[in-house]
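Okay, structure first, notes after.
The values are calculated or read from the model by the stated rules, or taken from the named source; none is laboratory data. What you see is a predicted model, and the numbers here were worked out from it, not measured in a lab. We place every Cβ from the backbone using ideal geometry, glycine too, and count neighbours over all the protein chains shown. Remember, those area values only see protein heavy atoms, side chains included, never the ligands or the DNA or RNA. Shrake-Rupley method; radii C 1.70, N 1.55, O 1.52, S 1.80 Å.
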Amino acid sequence: MAFLSDTLARVKPSPTIAVTNKARELKEAGRDVIGLGAGEPDFDTPENIKQAAIAAIAAGETKYTAVDGIPALKKAICAKFERENGLRYTPAQITVGSGGKQVLYNALVATLNPGDEVIIPAPYWVSYPDMVLLAGGTPVFVEGKMEAGYKISAADLEAAITPKTKWFIFNSPSNPSGAAYTRDELKALTDVLMRHPHVWVMSDDMYEHLVFGDFTFTTPAQVEPGLYDRTLTCNGVSKAYAMTGWRIGYAGGPVELIKAIGKVQSQSTSNPCSISQHAAVEALNGPQEYIAQSRVAFERRRDLVVAALNACPGITCPTPEGAFYVYPSIAGLIGKTSKGGVAITDDEAFASALLEETGVAVVFGAAFGLSPAFRISYATSDAALSEACARIKAFCEGLH
Ligand SMILES: Cc1ncc(COP(=O)(O)O)c(C=O)c1O
């Protein structure tokens with residue numbers, strides 16, 4: 001349609017949202033569907049956070065606020081960065097947006113010029129490439145192979161850097177693979193970045209709290225303080241406190257960049273929801289028990305799903321360190337045909353036949369830039385996960 005912009009023509013709608021919608025449609029049509037597509041905790045927002053929001057409404061905190069966050073929330077975010085990441089930021093170095101997504105997007109809009117390159121390890125969160133394209137930049141992909149736990153190496157990163165590189169987007173634990181970099185693995189990457197002072201680091205720490213066993217989370221500016229002046233450390237309350245609907249994300253970084261992000265926000269959406277900001281203050285400053293409880297549940301589910309998927313013929317599922325996703329390879333299934341007669345030519349055909357024939361909704365790997373694979377979000381009940389894995393196994397056994 002000629003009326004729409006050329007910029008819009010460069011991007012595609014979010015495939016994860018498309019899968020969630022398709023699963024919902026089938027459900028509404030009476031089909032027995034198990035949705036493993038959505039990337040949000042199935043737990044309710046903790047009660048103390050809800051009460052803080054109710055108190056904010058009662059106190060009349062229902063008006064415009066400062067564009068990039070109320071002082072109390074910026075203070076709580078500074079305390080969080082120091083307490084959990086050993087990073088010192090002043091309130092002037094903090095920006096708050098309507099979800100982590102908005103903060104990342106505004107940062108790209110505020111900094112990218114045509115021709116600027118942004119390095120994105122694959123498999124990647126579906127929004128990174130399209131956000132870069134919308135902002136006028138060029139995504140450059142670096143593949144993290146399954147054999148390497150879906151992580152990239154220092155040499156991979158070094159090879160992708162050019163004089164045009166503006167940002168390196170780092171996401172650990174990762175959506176979609178759940179892979180998380182150890183301090184040493186991250187240090188190898190930050191050593192490369194230290195040799196290329198024109199490259200800035202956008203660290204998306206959204207799944208920081210969801211790491212399992214004795215894994216310790218670290219973030220680039222913490223591991224290499226020499227990167228502090230060119231790192232935007234991004235985070236949010238969505239996944240850590242089951243607050244996806246509240247829409248609060250934030251970042252810490254150099255003052256000039258933070259001001260530029262605020263400028264974009266001031267001319268688009270203005271402040272994030274005032275009530276949600278008060279709820280986020282309670283999330284960050286209040287009791288933190290929820291985090292440990294959810295971590296225990298997610299670790300149990302990860303183990304359940306990894307074991308069940310590895311029992312499916314043709315599927316190989318590495319054990320990720322964190323988040324609430326697994327990213328199994330289906331290399332062993334390509335070329336087969338389903339009971340329903342669908343040729344499994346790629347991961348999109350696999351996911352679509354799986355949904356049609358078993359009612360299990362997963363997201364195909366091509367959406368995340370690494371095939372043939374698929375993503376399962378295990379943020380759902382143990383019973384639903386067991387049933388879904390049993391159906392996937394039956395589906396794989398039925399292939400010929
Ligand atoms: C890696 C990653 N970053 C950022 C976000 C955005 O989170 P929010 O809901 O706060 O916008 C998500 C959400 O799925 C994500 O998976």
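Things worth noting here:
- Computed about its Cα centre, the charge dipole of the chain is approximately 600 debye, with only Lys, Arg, Asp and Glu carrying charge at their Cβ.
- The base-10 log of I(q)/I(0) for the stretch 63-285, evaluated at q = 0.14, 0.18 Å⁻¹, reads -0.82, -1.39 [Debye formula, identical scatterers on Cα atoms, solvent excluded].
- Farthest towards the positive end of the charge dipole of the chain, among the residues Thr165, Ser5, Tyr250, is the Cα of Ser5, using unit charges on the Cβ of Lys, Arg, Asp and Glu.
- Cβ-placed point charges (K, R +1; D, E -1), dipole of the stretch 63-285 about Cα centre in debye, nearest 20: 740 debye
- For the chain, taking a cut-off of 4.7 Å between Cβ atoms, the unpaired cysteines are Cys78, Cys234, Cys273, Cys317, Cys389.
- For the chain, the relative contact order is 22 percent, taking Cα pairs closer than 8 Å that sit 6 or more residues apart in sequence and dividing their mean separation by the residue count.
- Peptides 311-323, 172-184 ranked from most to least packed by the mean count of surrounding Cβ atoms within 10 Å: 172-184, 311-323.
- MRE, 222 nm, helices only [DSSP H, n ≥ 4, -39500 (n - 2.57), over the chain, to nearest 500]: -12500 deg cm²/dmol
- For the stretch 59-93, the set of chymotrypsin sites (Phe, Trp or Tyr not before Pro) satisfying both a DSSP loop assignment and a count of at most 12 other C-beta atoms within 10 Å is given as Tyr64.
- With every protein chain in place, the chain: carbon and sulfur % of accessible area (1.4 Å): 56 percent
- Dividing the mean sequence gap of close Cα pairs (under 8 Å, 6+ apart) by how many residues the stretch 205-279 holds gives a relative contact order of 25 percent.
- Intensity falloff of the chain expressed as log10 I(q)/I(0), Debye formula with alpha-carbon point scatterers, at q = 0.07, 0.08, 0.09, 0.13 Å⁻¹: -0.32, -0.42, -0.54, -1.13
- Selection from Gly149, Gln265, Ala240 lying farthest towards where the dipole of the stretch 63-285 points positive, charges on Cβ: Gln265
- Pairs from Lys12/Lys339; Lys80/Lys101; Lys27/Lys145 whose Cα-Cα separation, in the structure shown, is over 27 Å: Lys12/Lys339; Lys27/Lys145
- The stretch 241-400 - charge dipole about Cα centre, Lys and Arg +1 at Cβ, Asp and Glu -1, debye rounded to 20: 180 debye
- Surface per residue (accessible, 1.4 Å probe) for the chain, Å²: 40 Å²
- Ordered from longest to shortest, the equivalent ellipsoid semi-axes for the stretch 45-139 are 31, 16, 15 Å, each the square root of 5 times a Cα gyration tensor eigenvalue.
- Among beta bridges that DSSP assigns inside the stretch 63-285, antiparallel share in %, nearest 5: 30 percent
- Shown for the chain are the DSSP H helices of 27 Å or more along their axis, judged by Cα atoms, with a mean Kyte-Doolittle hydropathy of at least -1.0: 289-310.
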